[in-house]
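Q: Before I ask anything, here is the structure I am working with.
The values are calculated or read from the model by the stated rules, or taken from the named source; none is laboratory data. Computed from a prediction, not measured in an experiment: that's the story for all the values here. FYI the Cβ positions are ideal-geometry reconstructions off the backbone, even for glycines, and counts take in every protein chain you see. We work out accessible area using only protein heavy atoms, side chains counted, and drop any ligands, DNA or RNA first. Shrake-Rupley method; radii C 1.70, N 1.55, O 1.52, S 1.80 Å.
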Amino acid sequence: MFYDLALQYDSRLRRCDLVLGDDGDLVIDETPIPAILMSVGLDRRAALDDPLPDGRSQFLTPSSFSERRGAIVDGLNPFGEMTGSKLWLLNRAKHTETTRLMCEFWLTEALAWAEPETGAPAEIEVEWLRRGVLGYRVMVGDSSVSMSRTVES
């Protein structure tokens, strides 16, 4: 069973916000939806060999902490586990099968927690919805989240 603060996703603004009850208190969500949204929505720190979307590399620009991003909570994890996904690296990706496969790989990496927590891996579907729009659906148990992102066509 999951117990997280409830998050509500606004597809128009493409962001999440905490849910308040009628009494003004934060709402608790007993589904894996908040964990899925955070796993997909937070930026996982890029590895040194991951090409950055803006074309910078360790050889072309001075190294800075922020260019490889990463969720702030990763610095607090004593086991070195990372949160979030590397989907932000698709910011300059093209409409190719490689892009679709990378999206699927990074979602699988981000949702690796599902199997130890639930006993079954997350089910992930990634497909091109139309030219330049990549859609993905994540299902953990009976809960699912569907999202999309635009890439260069």
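Q: Is it fair to say Val140 is surrounded by 13 or more Cβ atoms within 10 Å (Cβ to Cβ), under 23 Å from Ala71 (Cβ atoms) and touching a residue at least 40 places away in the same chain (Cβ under 8 Å)?
A: Yes: the conditions hold for Val140.
Q: Limited to the range 109-131, what total is found for residues that are in a helix (DSSP H, G or I) and open to solvent by less than 80 Å² (accessible area, probe 1.4 Å)?
A: Of the residues in that region, 4 qualify.
Q: Does the range 18-31 contain any residue that is surrounded by 10 or more Cβ atoms within 10 Å (Cβ to Cβ), within 17 Å of Val138 (Cβ to Cβ), at pLDDT 85 or above and hydrophobic (A, V, I, L, M, F, W, C)?
A: No, that holds for no residue.
Q: Answer yes or no: is there a residue in the range 95-112 that is out of contact with any strand residue (DSSP E or B) (no Cβ under 9 Å at 6 or more places or on another chain) and polar (S, T, N, Q).
A: Looking through the range 95-112, at least one residue is out of contact with any strand residue (DSSP E or B) (no Cβ under 9 Å at 6 or more places or on another chain) and polar (S, T, N, Q).
Q: Could you check Ser11 against (1) of a type in the set (Gly, Ala, Ser); (2) closer than 26 Å to Gly75 by Cα; (3) open to solvent by 50 Å² or more (accessible area, probe 1.4 Å) and say which number it fails?
A: Unmet for Ser11, out of (1) of a type in the set (Gly, Ala, Ser); (2) closer than 26 Å to Gly75 by Cα; (3) open to solvent by 50 Å² or more (accessible area, probe 1.4 Å): (2).
Q: Then there's this: What are the residues in the range 62-108 that are within 17 Å of the chain's Cα centre (by Cα), free of Cβ contacts under 8 Å to residues at least 12 places away in the same chain and part of a loop (DSSP other than H, G, I, E, B), if any?
A: Hit for the range 62-108 is Glu81, nothing else.
Q: Find the residue count for the range 43-57, including only residues that are open to solvent by less than 60 Å² (accessible area, probe 1.4 Å) and at pLDDT below 90.
A: Result for the range 43-57: 7.
Q: Can you tell me which residue among Thr118, Thr108, Thr99 is more than 16 Å from Gly41 (Cα to Cα), modelled with pLDDT of 95 or more and out of contact with any Asp or Glu (no Cβ under 9 Å at 6 or more places or on another chain)?
A: Thr99
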